[in-house]
Amino acid sequence: FPEVFEALPFDRFFINSVVIVTLNTLGTVISSALIGYGFARFRAPGSKVLFALVLATLALPGEVTLIPVFLLFRQLGWLNTILPLTVPAFFGNAYFVFLFRQYFRGIHRDLLDAAVVDGANPLGVFWHVAAPLALPAFATTTVFNFLWNWNDFLTPLIYLQDVDHMTVAVGLAYFRGEFGTDWGPLMAASLMTILPVLVLFVFAQ
């Protein structure tokens, strides 16, 4: 275990991962919940078509948009920062938008209308009535998003360049060398990497 921190700044990898995963999860959960609530609660011309377009993005593999998105972030000067890994999360995730929309549609409209009668604005109805009733959806989204981002290897590898900016998923790969793998530190680092996931699994039960 000491060799892990002697060979690499693994503590820094942990901090980077925690910061990125926390910001990404907050952005994804909040934005997806608001978008899903909007699709479930409000009726507007073209809303069904717009929702269909959101779902259609699920059919696009990430590899298809990888190069144009990379070029966009390069033009913005965001390479080697956490911005490409966190800012897109604040614009929603199609899968979680669908999940929230279906969950909010299951809430009886009379509950929401009662809050409107009591004088709540649309955001107040969401915050005080809909969101507390959708805690299972919030919990599911939080757990899934945490796991996906904690284990994400490709995205940090593409957008981060300095070793000090890397995450634990990429840090594990540094123990695998071209001329051999240092299995002792690799196994120790793998155990430390999976501990947060195990803790989350226990609490999420």
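The values are calculated or read from the model by the stated rules, or taken from the named source; none is laboratory data. Fair warning: this is a prediction, and the values are worked out from it, not measured in the lab. Every residue, glycine among them, receives a Cβ derived from its backbone with ideal geometry; neighbour counts consider all protein chains shown. SASA here: full protein model, heavy atoms, side chains in, ligands and nucleic acids out. Shrake-Rupley method; radii C 1.70, N 1.55, O 1.52, S 1.80 Å.
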Of the residues in segment 148-172, those that are under 16 Å from V197 (Cα atoms), open to solvent by 50 Å² or more (accessible area, probe 1.4 Å) and either in contact with a His (Cβ under 7 Å, 6 or more places away or on another chain) or assigned to a helix (DSSP H, G or I) (or both) number 1
I'd like to check something: does segment 109-123 contain any residue that is open to solvent by 80 Å² or more (accessible area, probe 1.4 Å), at pLDDT below 90 and of a type in the set (K, R)? yes
The residue that is nearest to the chain's Cα centre (by Cα), considering only those in segment 126-137 that are open to solvent by less than 80 Å² (accessible area, probe 1.4 Å) and either closer than 16 Å to I30 by Cβ or in contact (Cβ under 8 Å) with a residue 60 or more places away in the chain (or both), is A137
Segment 106-131: number of residues that are part of a helix (DSSP H, G or I) and either farther than 15 Å from L34 by Cβ or aliphatic (A, V, I, L, M) (or both): 14
Could you tell me whether segment 173-184 includes any residue that is polar (S, T, N, Q), modelled with pLDDT of 90 or more and either on the phi < 0 side of the Ramachandran plot or open to solvent by less than 70 Å² (accessible area, probe 1.4 Å) (or both)? no
Here the residues within segment 185-205 that are touching a residue at least 24 places away in the same chain (Cβ under 8 Å), surrounded by fewer than 18 Cβ atoms within 10 Å (Cβ to Cβ) and among the β-branched types (V, I, T) are V197
Flagged in segment 78-107 as open to solvent by less than 60 Å² (accessible area, probe 1.4 Å) and β-branched (V, I, T), in numbering order, are T81, T86, V87, V97, I107
